[in-house]
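The values are calculated or read from the model by the stated rules, or taken from the named source; none is laboratory data. Everything quoted here is computed from the prediction, not taken from an experiment. Reconstructed Cβ throughout: ideal geometry from the backbone, glycine too, with neighbour counts over all protein chains shown. With ligands, DNA and RNA removed, areas are computed over all heavy atoms of the protein, side chains included. Shrake-Rupley method; radii C 1.70, N 1.55, O 1.52, S 1.80 Å.
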Amino acid sequence: MNIQRSFADEQKGVLYLVATPIGNLDDISVRCLETLRSVDVIACEDTRQTRKLLTHFQIEKRTVSYHEHNKEASGSGLLQWLAEGKQIALVSDAGLPAISDPGADLVRDAVEAGYPVVPVPGANAALTALIASGLPTDRFVFCGFLPRENKDRWKELERLKFYPETLLFYEAPHRIAKTLEAIREEWGDRRAVLARELTKRYEEFARGTLDELIRHIREGEARGEYCLVVEGFTGQAEKNPDEDQWWMQVSVVEHVDRYCEQGFSKKEAIKQAADDRGVSKRDVYNEYHREMPL
């Protein structure tokens with residue numbers, strides 16, 4: 001068991017997780033500013049982005065890069081500084097560090113090494129979108145970014161399909177249309193909200209059904225990072241429960257081919273079809289090649 005009482009040892013290095021504004025710089029807290037001014041070094045997702053924030057608030061502090069592509073090398077250096085008793089602030093480009101962010105790895109390593117990890121909370125894009133969405137807020141699940149590969153995305157959507165909680169996603173502008181269409185295909189036409197440019201001048205909430213949001217994106221130009229809030233499973237306006245075993249109405253060839261269309265390799269598709277039907281992979285393989293048209 002690991003019991004942390006922050007600040008108990010003033011000689012020990014401390015890792016501060018400092019929230020930064022998601023758009024409007026005035027959203028930063030007094031405590032966040034005080035922490036950034038007091039630490040020895042600031043570890044940033046993008047030093048250029050963080051430098052804009054520091055310059056705005058007239059903070060002169062050493063910054064180092066810590067992101068997905070250098071986290072192993074940079075992380076070991078940060079841990080060494082903690083061992084020397086240095087105070088480090090970890091920030092992301094916007095919002096809370098360690099949420100859909102490699103900072104989670106640094107936090108894990110710092111905790112395992114016994115260094116205090118102190119959260120300095122603030123803005124978060126997903127929760128900001130949720131509270132203004134008009135969808136239920138009593139229970140929700142943060143899902144982050146969906147996988148890019150078709151088969152992995154399909155598996156994740158299948159896993160989440162019957163969650164009753166409101167579901168929160170992040171998505172890039174060039175993938176938002178494809179993501180909306182994939183969710184619509186797997187889950188049916190649920191209520192949903194697209195939020196973009198949160199807390200900025202052109203903040204926008206598009207509320208409607210998935211079909212309506214798909215038309216909205218197709219008719220305009222997707223800009224800015226998106227938060228997508230989707231209604232959880234309600235037992236209404238969803239696909240017919242019988243469709244959960246859609247493969248019962250199709251041939252083995254059609255069954256395997258549908259998985260192939262979703263990005264599975266032929267071998268993976270045959271295995272998944274065999275699992276669905278409760279038969280051996282050899283049976284599906286033989287039936288597939290027997291039914292395949294010449």
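Starting from segment 136-157, keep only residues that are among the hydrophobic types (A, V, I, L, M, F, W, C), then list their pairs with residues that are open to solvent by 50 Å² or more (accessible area, probe 1.4 Å) whose Cβ atoms are within a distance under 8 Å, requiring at least 6 positions of separation or different chains.
Pairs that qualify, where the first residue is among the hydrophobic types (A, V, I, L, M, F, W, C) and the partner is open to solvent by 50 Å² or more (accessible area, probe 1.4 Å), are Val141/Tyr163; Phe142/Ile99; Phe145/Ser100.
Being of a type outside the set (Asp, Glu), closer than 25 Å to Lys52 by Cα, part of a loop (DSSP other than H, G, I, E, B) and in contact with a strand residue (DSSP E or B) (Cβ under 9 Å, 6 or more places away or on another chain), is that true of even one residue in segment 82-91?
yes
Does Arg290 count as among the basic types (Lys, Arg), modelled with pLDDT under 75 and either more than 28 Å from Arg148 (Cα to Cα) or out of contact with any strand residue (DSSP E or B) (no Cβ under 7 Å at 6 or more places or on another chain) (or both)? It would help to see each step written out before you state the result.
Working: among the basic types (Lys, Arg): yes; modelled with pLDDT under 75: yes; either more than 28 Å from Arg148 (Cα to Cα) or out of contact with any strand residue (DSSP E or B) (no Cβ under 7 Å at 6 or more places or on another chain) (or both): yes.
Criteria met by Arg290.
Does any residue in segment 41-70 that is assigned to a helix (DSSP H, G or I) come within less than 9 Å, Cβ to Cβ, of a residue that is open to solvent by 80 Å² or more (accessible area, probe 1.4 Å) six or more places away or on a different chain, and which pairs are these?
Here the result reads Leu54/Glu60, each pair linking segment 41-70 to a residue that is open to solvent by 80 Å² or more (accessible area, probe 1.4 Å).
For a quick check of your reading of the model, give me the residue pairs whose first member lies in segment 264-276 and is under 18 Å from Arg153 (Cα atoms), whose second is open to solvent by 70 Å² or more (accessible area, probe 1.4 Å), with beta-carbon atoms closer than 6 Å and at least 6 apart or on different chains.
From residues that are under 18 Å from Arg153 (Cα atoms), the pairs are Lys271/Lys281.
Would it be correct to say that Ser100 is hydroxyl-bearing (Ser, Thr, Tyr) and at positive phi?
On the way: hydroxyl-bearing (Ser, Thr, Tyr): yes; at positive phi: yes.
Yes; evaluated as a whole, the condition is true for this residue.
A quick yes/no check of all residues on (1) of a type in the set (S, T, N, Q); (2) under 30 Å from Ser265 (Cα atoms):
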| site | (1), (2) |
| --- | --- |
| Gly95 | no, no |
| Ala98 | no, no |
| Val117 | no, no |
| Ser133 | yes, no |
| Phe169 | no, yes |
| Gly188 | no, yes |
| Lys200 | no, no |
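Could you list, in sequence order, the residues of segment 133-155 that are open to solvent by 40 Å² or more (accessible area, probe 1.4 Å) and either in contact with a strand residue (DSSP E or B) (Cβ under 8 Å, 6 or more places away or on another chain) or of a type in the set (Ser, Thr, Tyr) (or both)?
The first filter runs over segment 133-155 and keeps only residues open to solvent by 40 Å² or more (accessible area, probe 1.4 Å), leaving 134, 136-140, 142, 145, 147-152, 155.
Answer for segment 133-155, where residues must be open to solvent by 40 Å² or more (accessible area, probe 1.4 Å) and either in contact with a strand residue (DSSP E or B) (Cβ under 8 Å, 6 or more places away or on another chain) or of a type in the set (Ser, Thr, Tyr) (or both): Gly134, Pro136, Thr137, Arg139, Phe140, Phe142, Phe145.
So is Arg62 surrounded by 14 or more Cβ atoms within 10 Å (Cβ to Cβ) and basic (Lys, Arg) or not?
Details: surrounded by 14 or more Cβ atoms within 10 Å (Cβ to Cβ): no; basic (Lys, Arg): yes.
No.
Could you list, in sequence order, all residues of segment 175-226 that are more than 23 Å from Leu160 (Cα to Cα) and touching a residue at least 40 places away in the same chain (Cβ under 8 Å)?
The answer is Glu197, Leu198, Thr199, Lys200, Glu203, Phe205, Ile217, Arg218, Ala222, Arg223, Gly224.
Looking at segment 4-24, can you tell me whether even one residue there is closer than 24 Å to Tyr170 by Cβ, at pLDDT 95 or above, open to solvent by 20 Å² or more (accessible area, probe 1.4 Å) and part of a helix (DSSP H, G or I)?
The answer is no, given that none of the residues of segment 4-24 is closer than 24 Å to Tyr170 by Cβ, at pLDDT 95 or above, open to solvent by 20 Å² or more (accessible area, probe 1.4 Å) and part of a helix (DSSP H, G or I).
All but one of (1) at pLDDT below 80; (2) under 30 Å from Val193 (Cβ atoms); (3) aliphatic (A, V, I, L, M) hold for Leu213, so report the exception by its number.
Of everything listed in (1) at pLDDT below 80; (2) under 30 Å from Val193 (Cβ atoms); (3) aliphatic (A, V, I, L, M), Leu213 misses just condition (1).
Which one of these does Ser251 not meet: (1) within 19 Å of Gln272 (Cβ to Cβ); (2) of a type in the set (S, T, N, Q); (3) open to solvent by less than 20 Å² (accessible area, probe 1.4 Å)?
So Ser251 meets the others, but not (3).
Starting from residues that are surrounded by fewer than 15 Cβ atoms within 10 Å (Cβ to Cβ) and assigned to a helix (DSSP H, G or I), keep the ones in segment 92-132 and report whichever is farthest from the chain's Cα centre (by Cα).
Within segment 92-132, the match that is farthest from the chain's Cα centre (by Cα) is Ala113.
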